[in-house]
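Right, one structure below, let's go through it.
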Amino acid sequence: MIYRSPWPPVDIPDVSLSELVLRGAEARGDKPALVEGPTGRTITYHQLASRVRRAAAGLAAAGIRKGDVVAICAPNIPEYVIAFHGAASIGAMVTTLNPLCTEQDMESQLADSRARVMITVPELLEKAGAAARATAAEQLYVIGEAGAAAAGGGGAVPFAALLEHGGDPPRVQIDPATDVVALPYSSGTTGVSKGVMLTHRNLVANLLQVDATGQVYEHDTLLAVLPFFHIYGMVVIMNLGLYRGATLVTMPRFDLEQYLQLIARHRVTFAHVVPPVMLALAKHPLVSRYDLSSLRTLFSGAAPLSDSLSRACAERLGVVVRQGYGMTEASPGTHLSPEDPAKIKSGSVGPVIAGTECQVVHVDTGAPCGPMQDGELWVRGPQVMKGYLNRPEATALTVDADGWLHTGDIGYADHDGHFFIVDRLKELIKCKGYQVPPAELEAVLLTHPAVADAAVIPAPDEECGEVPKAFVVLKSMPAGGDGAGLPTPDDLMAYVAGKVASYKRLRLLEFIDQVPKSPSGKILRRVLVARERERGPHA
């Protein structure tokens, strides 16, 4: 059974992403487009359009051509948008990096994507500079007033220098159907992070598909705290908000009190959240100290949101809570709950969005599932990625010959075509909305001299949704000798913490006698997951 959208089809224009997003910017003139939350610094729509053109001209003058890769590693600040669209508008591909990633992670992504340029901020300059020097990146730019002072040390150039170019950017012929504009990295359904090739048409289509469900309007003010490097922040907040002419208030990192202050100060109407933020809004006593009456909608994505938490937040704040579902490989949106509160089903991610098909497939037999039957969600539509960068085998395992994207998520559709996500077939851990590949943490553990074998799984956690938990088999190492003895769980968690980004750190570790495996040697994580679920959430 193939499910289709209750929303009418959308026409997808044959335009580039930046052309669509910024087409109304000049006409909006002095309306604030971007407000830097902590400082109040404002960029109007006219200024945004002008600075994007100058950044594009500056990058072109620096030798960036169509098909080159520009890397951005920065928190949510107004210049992120200028850098992104400056590169995109001259046909470059933008690969986005998590500011929390380690130097090794950064180096790996720069090398794999073959980025020629890296754009960052002063506080990340040392790490970004080292990663850039170790790869083919030819130039490093630093954003901000402190950029000029910070740049001198590592051969970096102030980002502002790009904006000093007086000419117009070159006209570039972009084929929206085939030319890649965004190259975020995702682990997909399994394995290590891979570059997800998203074309201009992928992102243009998804913007219009999501917009058709009634999301953001010109009179809205959005609080942009969910990171622009993540596909959710990039498409659903940054690009859709600007396309619609809303005002975006940026936050470089989440802090609950500042978050509440900014909602009250800027009269934020629409807030995109993830379940951990929703939990704070539903339960934290700080919330009662601030006037949040301007809020009309909370939209949750990136991780499953429980029915009880959705209701608790809606009742406390007097807002409509909507939920959506998608994945990086789908640009990201595939399902959204309706705008009409009377049609929203609490706990559901909603029906399939316009121009998208979905089927639920039995995990073992591959047979189609009917309503109320659990299976893997497969989706198909114009937003599905071009493929994984330089990984044809991984692409073929994720998108089949008929164009169906195998999501790796388990869910069902009710009799009205509203979908519910109940489990994850894929191995990813979602910690506060961030992707944590178990295989990466297992590989780090196995470099410890005392570890014989290891398996990492998601453990339920009330605050984070899921946290990484390791099951470790120790080698037979008698105490004494070198004085080290057997490591404790805290020792091994600290060992891993020193080698991975903060959001990937192990939160729990348990010693076991043997890691369960199939006859072929594959780790049977589901056995460990089932055991962990019986124990319940870790408070």
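See the values below:
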item	result
Search result, residues across the range 362-390 that are touching a Leu at 6+ places or on another chain (Cβ under 6 Å) and of a type in the set (Val, Ile, Thr)	Val379, Val384
Residue within the range 27-43 that is farther than 21 Å from Thr221 by Cβ, of a type outside the set (Ser, Thr, Tyr) and either touching a strand residue (DSSP E or B) at 6+ places or on another chain (Cβ under 8 Å) or part of a strand (DSSP E or B) (or both) present	no
Of all residues making up the range 253-270, the number that are modelled with pLDDT under 95 and within 17 Å of Leu34 (Cα to Cα)	1
Test: residue in the range 4-20 that is closer than 19 Å to Val157 by Cβ, open to solvent by 60 Å² or more (accessible area, probe 1.4 Å) and among the charged types (D, E, K, R)	no
Considering residues of the range 461-479 that are at pLDDT below 90 and buried (at least 17 other Cβ atoms within 10 Å of the Cβ) only, the residue farthest from the chain's Cα centre (by Cα)	Asp461
Residue in the range 106-129 that is hydrophobic (A, V, I, L, M, F, W, C), without any contact (Cβ under 8 Å) to a residue 40 or more places away in the chain and open to solvent by 10 Å² or more (accessible area, probe 1.4 Å) present	yes
Residue that is most open to solvent (accessible area, probe 1.4 Å), among those in the range 480-527 that are modelled with pLDDT of 80 or more and polar (S, T, N, Q)	Gln514
Index of the failed condition, Ala115 passing every other in (1) within 25 Å of Val196 (Cβ to Cβ); (2) modelled with pLDDT under 95	(2)
Enumeration of residues in the range 243-272 that are in a strand (DSSP E or B) and open to solvent by 10 Å² or more (accessible area, probe 1.4 Å)	Thr247
Near pairs, Cβ below 7 angstrom, 6+ apart or cross-chain, from the range 290-302 (hydroxyl-bearing (Ser, Thr, Tyr)) to any residue that is assigned to a loop (DSSP other than H, G, I, E, B) and open to solvent by 20 Å² or more (accessible area, probe 1.4 Å)	Ser294/Arg267; Ser294/Thr269
Any chance Val216 is in contact with a strand residue (DSSP E or B) (Cβ under 7 Å, 6 or more places away or on another chain), surrounded by 23 or more Cβ atoms within 10 Å (Cβ to Cβ) and more than 26 Å from Lys31 (Cβ to Cβ)	no
Hits in the range 392-425 - residues which are open to solvent by 30 Å² or more (accessible area, probe 1.4 Å), in contact (Cβ under 8 Å) with a residue 40 or more places away in the chain, touching a strand residue (DSSP E or B) at 6+ places or on another chain (Cβ under 9 Å) and not in a strand (DSSP E or B)	Leu397, Leu425
Residue within the range 71-92 that is of a type outside the set (Asp, Glu), under 19 Å from the mean Cα position of the chain (by Cα) and at pLDDT below 95 present	no
Residues of the range 62-78 satisfying the condition of being within 23 Å of Arg133 (Cβ to Cβ) and either in contact with a His (Cβ under 7 Å, 6 or more places away or on another chain) or buried (at least 22 other Cβ atoms within 10 Å of the Cβ) (or both)	Ile64, Val69, Val70, Ala71, Ile72, Cys73, Ala74
Neighbours by Cβ (under 9 Å, 6+ apart or cross-chain): first from the range 266-277, in contact (Cβ under 8 Å) with a residue 60 or more places away in the chain; second part of a helix (DSSP H, G or I) and buried (at least 20 other Cβ atoms within 10 Å of the Cβ)	Val274/Tyr232; Pro275/Leu309
Residue check for Pro169: farther than 30 Å from Ser294 by Cα, out of contact with any strand residue (DSSP E or B) (no Cβ under 7 Å at 6 or more places or on another chain) and either in contact (Cβ under 8 Å) with a residue 12 or more places away in the chain or assigned to a strand (DSSP E or B) (or both)	yes
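The values are calculated or read from the model by the stated rules, or taken from the named source; none is laboratory data. Owing to the predicted nature of the structure, the values given are computational and were not obtained by experimental measurement. When we count neighbours, we look across all protein chains shown, and the Cβ atoms used for this are built from the backbone with ideal geometry, even at glycine. SASA here: full protein model, heavy atoms, side chains in, ligands and nucleic acids out. Shrake-Rupley method; radii C 1.70, N 1.55, O 1.52, S 1.80 Å.
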